[in-house]
Amino acid sequence: MTAPTSLVQERRLVTPIPGPKSVEALKRRAAATSAGLGIAIPVVIERAHDAILQDIDGNCIIDLGSGIGVTNVGNTNSRVVARVIEQVQALTHTCFTVAPYMGYIEVCEALNEITPGDHPKKSLLVNSGAEAVENAIKIARHYTKRPAVVVFEHAYHGRTNLTMALTAKNLPYKEGFGPFANEVYRMPLPYSYRWSGSLDTITQDSLDEITSKIEKEIGAHNVAAILIEPILGEGGFIVPPKGFMPGLADYAKENGIVFIADEVQSGFARTGDLFAVNEEGVVPDLMTLAKGIAGGLPLAAVTGRAEIMDSVHAGGLGGTYGGNPVACAAALGAIESIEQDRLVERAAHIGQILNESLNALAATYPVIGEVRGRGAMQAVELVYPGTKEPNVEAVNAVVKYCQSQGVLILTAGTYNNVIRFLPPLVITDALLLDALGVLELAFASLDS
Ligand code: PLZ
């Protein structure tokens, strides 16, 4: 068997970013790939391990994005790689609904076990986060025989037709791609930094407003599902106030509504808990899972109450590739790594370092309006000093500076003014501190 990949965990620049080979390759990218695809950093990556990405010019870049929260266990994690190699040589595909195989069953058993709640659970495997969300809505509608879906401001749930309707932000996700699916109702989200009411009563006030809107505008008896990200990802790492998630889950329960937690970005140890809902002991009826589930291979899942998952007729759910054997092997490796390498604790530790450093920066640079997040899911919202006006200019300058020094960071936010930090949970303290040093220089280089 091939030895697991390794790469020295050090930032190292041998050319400017982008280097000459990347410049040439990016010309081919522009000529060959759809202009509809964005790009965060203008380099082409050749190999990676844990938190280091090496580009085709030989630059070693610190990855603070994990491919948007995917490589929680590190890139080319050795447990994932070993299982993938073994699996790809044994069986590449049958289609689970044609002829089953053990990997799919084992992943579902693991998910039923590790997700919150000790009631009987079942799972469905698919290929992407959007597909998981679509299936969760299909199942909730089938189970309740109701049409309406309640979603929130600042939400992100995917790019397919139904999930575009569920996603809040127009540009870039929805512009020109309609018409969208109907029976989707958007509710206000208690975004404390931008909440106009009193912060003392934000939880109760927002819950009252939402439940009153549901009663008046939809009728609770017409609502199949309430769908929410426990910490909003693309929306800018908005953490709903304490008590909000439990309050929403209780309301759903009282009204026979399926409560769905979209943990695609917040799940798999990211927040210093296995799942973000664990923080307040919320037990969703269904959860949508993806990204961190399989250490970089395409896999996603819906996991939840057996009676809901089993309410669908045989043949009602499926897909050619869902739960592909190689992706399942990767998931078993990733789940093993989360447990054996104690990544929940590691995420909490990373979160502490990140949060302290970002708060220290905020004390010096008034362009940072707020530091927020949980565990290794932290962000800063940038504003024009003394106001809450979104400062996209500063975000772009900081991102560009970091890139030029070999640090990859991602942005987010409804107003495009949030910098988010989602490092692999195996990042060393030394590498993280090096990246944070670069970030400090980036803020120091701003004009204001
Ligand atoms: N639900 C909470 O964060 C994916 C989007 C990247 P897919 N977020 C990254 C982009 O620009 O396309 C996401 C998410 C939440 C669902 C999804 C969708 O997951 O695997 O990208 O379909």
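The values are calculated or read from the model by the stated rules, or taken from the named source; none is laboratory data. None of the values given here were measured: they were computed from a predicted structure. Positions of Cβ are generated from backbone atoms using ideal geometry, with glycine treated the same way; all protein chains shown enter the neighbour counts.
Looking only at residues in the range 312-331 that are surrounded by 20 or more Cβ atoms within 10 Å (Cβ to Cβ) and aliphatic (A, V, I, L, M), which one is farthest from Thr92 (Cα to Cα)?
The residue in question is Ala331.
Please find, among Thr76, Thr160, Thr92, Thr144, the residue that is within 15 Å of the ligand (Cβ to nearest atom) and surrounded by fewer than 21 Cβ atoms within 10 Å (Cβ to Cβ).
Thr160
If you take the residues of the range 244-268 that are more than 16 Å from the ligand (Cβ to nearest atom) and assigned to a loop (DSSP other than H, G, I, E, B), which of them is farthest from His142 (Cα to Cα)?
Asn255
Tell me which residues, restricted to the range 285-305, are crowded, with 24+ Cβ neighbours inside 10 Å and over 10 Å from Val70 (Cα atoms).
Listed by number, the residues that qualify are Asp285, Leu286, Met287, Thr288, Leu289, Leu299, Ala300, Ala301, Val302, Thr303, Gly304.
Can you name every residue in the range 27-43 that is free of Cβ contacts under 8 Å to residues at least 24 places away in the same chain and either in a loop (DSSP other than H, G, I, E, B) or within 16 Å of the ligand (Cβ to nearest atom) (or both)?
If the condition is that a residue be free of Cβ contacts under 8 Å to residues at least 24 places away in the same chain and either in a loop (DSSP other than H, G, I, E, B) or within 16 Å of the ligand (Cβ to nearest atom) (or both), then Thr33, Ser34, Ala35, Gly36, Leu37, Ile39 are the ones that fit.
Going residue by residue through the range 425-447, is there one that turns out to be assigned to a loop (DSSP other than H, G, I, E, B) and within 25 Å of Trp195 (Cβ to Cβ)?
No - not one qualifying residue is present in the range 425-447.
Do you know which residues across the range 183-192 are more than 15 Å from the ligand (Cβ to nearest atom) and part of a loop (DSSP other than H, G, I, E, B)?
Glu183, Pro188, Pro190, Tyr191
Does the range 95-102 include one or more residues that are closer than 24 Å to Ala347 by Cα and either assigned by TED's automatic domain parsing to the domain that holds Val438 or not in a loop (DSSP other than H, G, I, E, B) (or both)?
No, the range 95-102 has no match at all.
Report yes if Ser123 is buried (at least 22 other Cβ atoms within 10 Å of the Cβ) and either more than 11 Å from the ligand (Cβ to nearest atom) or among the aromatic types (Phe, Trp, Tyr) (or both), otherwise no.
Yes.
Go through the range 272-289 and report how many residues are more than 13 Å from the ligand (Cβ to nearest atom) and within 11 Å of the chain's Cα centre (by Cα).
Looking only at that region, the number is 0.
Applying the selection to the range 165-182, what residues are surrounded by fewer than 12 Cβ atoms within 10 Å (Cβ to Cβ) and more than 15 Å from the ligand (Cβ to nearest atom)?
Those that are surrounded by fewer than 12 Cβ atoms within 10 Å (Cβ to Cβ) and more than 15 Å from the ligand (Cβ to nearest atom): Gly176, Gly178, Pro179, Asn182.
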